[in-house]
Amino acid sequence: QARALHWVSCERSSTCIEAAMNNAPDTASAAGDEDAGCDDVCGGWYWGHADSKDQPPGSVPMTVSLATMPMRLSKDPNFYQDFGKYAMCPHFLDKQAQGAAAGMGCPFLGGKAFLRHADVNKRLAEVPAQHVSGQIERRNELGYLLLDGATFPMTGSLGLGNSAESHRTSRRWLEELLAPSRLPNRSGWLEEAGLFLAEMATERRFKVRSAISKWWYKMLFKHVLGETLSSEDADAFGKFQNAWLQGAVMSGPNRFADKFCGCGSVIWPASMILQVQEEYRERIKKRLPADVPAGDRDMVAQGILEMFVFAGGLSVPSTIHCALAVLFRRDLLPSPVVINEDNIEAFVFEVTRLFPAVQGFCYWQGGQRQVLSLNAALRDPAVWGEDANKFTLKDVELYRRNHIGFANPATSAPGTFDSKACPGIQLALDVAQAFVLAVCRWQPTNISTKPHVYWSPVTIPKPQGVHKKWFSDFELEIQDWLDGDQTGEHLLRSLEPIDLARLLQEIGMADAEHGSLSSLLGPSKDRKSSSKLSECDMSTKVFYELSRKRFKELSERAGSINPDESNPGPAPRYFDLDFGGRTSTIRLPVDGSLKKAVRDSVVFVIGDMLKNKLDDSRHESQLVRTHSERCAAIMLCQQAFLRTGGGAPPPRSSARADSYLPKPNCTFADITTDHSQVAIARCGMGQLYLRSNDQPQLQ
């Protein structure tokens, strides 16, 4: 007895749903609205344009130069002003490179920048030998950033900027501690990610970037050092990480706090950063392998701490955050989304290609800074094709040969420990792949009536550009409403969890101008919501009013109602819906508090129907005609009346706490197995909204 749902909302809502199901949601990427040359995720990327048919915009806005002029007063004016221009207008880099011949570079960040993949790849491969021979030196830098040596008291520099000899000392033990043989493989990380998601499911939702960062701190301490980190310890480490990063990039506020504010200030004093840094270093020393020589233990512990704070401690959560953001953006990854063991490697490679956590690799030669732009090289059309700025899954061998986002070519011979490539490449890839697979699957549940549970974003992740970690932080929320107790849910269960999450998000966001569609149709909580209801047609308003008046949030009244110990019985009064003998009379239980306006609305509508003043015709655009539209309709009806946070129903009620509409306590596979539901569908108010489903593609 499955029937195709007939839109009962206003025509605007139907049009929005139709747009969503035609792969053109109102909330799709803002890329199309951006000026050419912006760094939006689907906008016109031009880095490395000398090898591309595309050319950058004509000029950098004058306002960018004016806004960055005060940076000329800094101790390194060329670096800071260029960085400011790049952050405000990413195609500033292209304008610098315009006309530069292959291998020549262009002025950028106070040095010479190389953007082509061929140039970057060649120079990275030469770095290890040149560093050992003294032809080049590395300084206190993190990607493009210059760091303050005062926050690194042991050597005056981040370990990446140490001499070749000091670098070997740390590198040897980093390679050993991060060796794949010591750490979980992808299956092991899949189990760890599953445990984290199960924990988050008990809290219903979590903020992706912050929660995953906290989880990753725990994983680093657990699997690299063998130490269990509590949630409180992870929070404390996150605060220390933020303070050290801020102090290393811009130490002025920390020195000010040292002199005038003390340890109680929001900004950590410089002395406090050094003190806590020493405490963590001593803590790590105790966990080092016994065969680390006594004279090297301080240096090795410092290297591990810096890895936790500046390297993998930042890049892995950033990669996972970007990967999950891509999953939920249809403009980047078209539906249907099928991410599995066969393509997960290519998916994560593509995420790290377009949205790398580390944007540059720098060194100094002859007193001049050499800037290798990993960002630009990873988008070079000469290697990645003319659609290099688009998210497309490529042959995995192409990534393995040409992906240089981890400084892969800067690898030395085994046992020399002169490599400058990331020592945890496999770790980063395994963890990101496992986390994506865990989110893409149906989530485990102990509730037999809710076997299909999945994660969905509360809002669609928004692109923020290269200088703001690519995407805004966003929340994931567990969805467990798909319990199989309404007709057509089997169609939704046939979708992959990510597509189901996208559909839910697009329905909820379709009417962005006036608030979400589910808010428009769902229970009203204030006058503003009620005014939206007035825009709907009469049939919708009646259906809405009847449901919301009789199924309120029980938790709002539970505290003021004392159980009646007298013998239970049927409702004392009923309101009859008389269909003039055409169907059985429907009796609604009422009491004296039911407002006359609601009764009159029902009477007027039914009267108009019987006088042939109304029928159930709808505009053609509101009819359900495709399988995907029907999925959207089913989800809409589920979500419009979904109730969360309510108290338990009264003990004598057969209502369920998860809906504003009456639903059976026991779920069932199809509506035809519940006689009362069938009776309502055949004879009741459902006849106002349903038409016979005679289209095979909807069944």
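The values are calculated or read from the model by the stated rules, or taken from the named source; none is laboratory data. Since this is a predicted model, take the numbers as computed values, not measurements. No Cβ is skipped: glycine too gets one built from the backbone with ideal geometry, and neighbour counts run over all protein chains shown. Please note that ligands, DNA and RNA were not included when accessible areas were found on the heavy atoms of the full protein model with its side chains. Shrake-Rupley method; radii C 1.70, N 1.55, O 1.52, S 1.80 Å.
You will find that of Ser170, Ser133, Ser166, the residue that is of a type in the set (Ser, Thr, Tyr) and surrounded by 22 or more Cβ atoms within 10 Å (Cβ to Cβ) is Ser170 and no other.
The residues on offer are Phe361, Phe310, Phe391, and the sole one that is surrounded by 22 or more Cβ atoms within 10 Å (Cβ to Cβ), out of contact with any His (no Cβ under 8 Å at 6 or more places or on another chain) and among the aromatic types (Phe, Trp, Tyr) is Phe361. Consider segment 65-118 and keep the residues that are among the charged types (D, E, K, R), touching a residue at least 24 places away in the same chain (Cβ under 8 Å) and open to solvent by 10 Å² or more (accessible area, probe 1.4 Å). The one that is nearest to Arg379 (Cα to Cα) is Arg116.
Inside segment 173-209, residues that are open to solvent by 70 Å² or more (accessible area, probe 1.4 Å), assigned to a helix (DSSP H, G or I) and over 18 Å from Asp298 (Cα atoms) make up a count of 5. Based on what the data block shows, is Tyr454 among the hydroxyl-bearing types (Ser, Thr, Tyr), in a helix (DSSP H, G or I) and farther than 17 Å from His321 by Cβ? No: the conditions fail for Tyr454.
Considering Val326, Val348, Val358, Val292, the condition of being in contact with a Pro (Cβ under 9 Å, 6 or more places away or on another chain) and touching a residue at least 12 places away in the same chain (Cβ under 8 Å) is satisfied by Val326 alone.
Among the residues of segment 124-169, those identified as out of contact with any His (no Cβ under 9 Å at 6 or more places or on another chain), under 22 Å from Gln241 (Cα atoms), in contact (Cβ under 8 Å) with a residue 40 or more places away in the chain and in a helix (DSSP H, G or I) are Ala150, Thr151. The sole residue among Val326, Val383, Val300, Val351 that is open to solvent by less than 10 Å² (accessible area, probe 1.4 Å), of a type in the set (Val, Ile, Thr) and over 15 Å from Gln433 (Cα atoms) is Val300.
For segment 330-344, residues that are open to solvent by less than 10 Å² (accessible area, probe 1.4 Å) and either in contact with a strand residue (DSSP E or B) (Cβ under 8 Å, 6 or more places away or on another chain) or outside any helix (DSSP H, G or I) (or both) total 2.
Here is the figure for segment 239-257: residues that are surrounded by fewer than 19 Cβ atoms within 10 Å (Cβ to Cβ) and touching a Ser or Thr at 6+ places or on another chain (Cβ under 7 Å) total 1. Applying a threshold of 7 Å to beta carbon distances and a minimum spacing of six or more residues, or different chains, the list of pairs starting in segment 489-507 at a residue that is closer than 11 Å to Met635 by Cα and ending at one that is charged (D, E, K, R) and surrounded by fewer than 18 Cβ atoms within 10 Å (Cβ to Cβ) is empty. Here Ile212 passes the criteria (1) open to solvent by less than 20 Å² (accessible area, probe 1.4 Å); (2) over 25 Å from Asp480 (Cβ atoms) except the one numbered (2).
Scanning segment 399-417 for residues that are over 18 Å from Gly312 (Cβ atoms) and in contact with a Phe, Trp or Tyr (Cβ under 6 Å, 6 or more places away or on another chain) yields one hit, Tyr399. Close contacts from segment 241-252, counting a first residue that is closer than 12 Å to Leu158 by Cβ and a second that is of a type in the set (Phe, Trp, Tyr) and outside any helix (DSSP H, G or I), with Cβ to Cβ under 8 Å and a gap of 6+ residues or different chains, come to Ala248/Phe152. Restricting Asp430, Asp480 to those that are farther than 30 Å from His131 by Cβ and open to solvent by less than 50 Å² (accessible area, probe 1.4 Å) reduces the list to Asp480.
Residue-level analysis places Ala236 among those that are among the aliphatic types (A, V, I, L, M), surrounded by fewer than 16 Cβ atoms within 10 Å (Cβ to Cβ) and under 30 Å from Val436 (Cα atoms).
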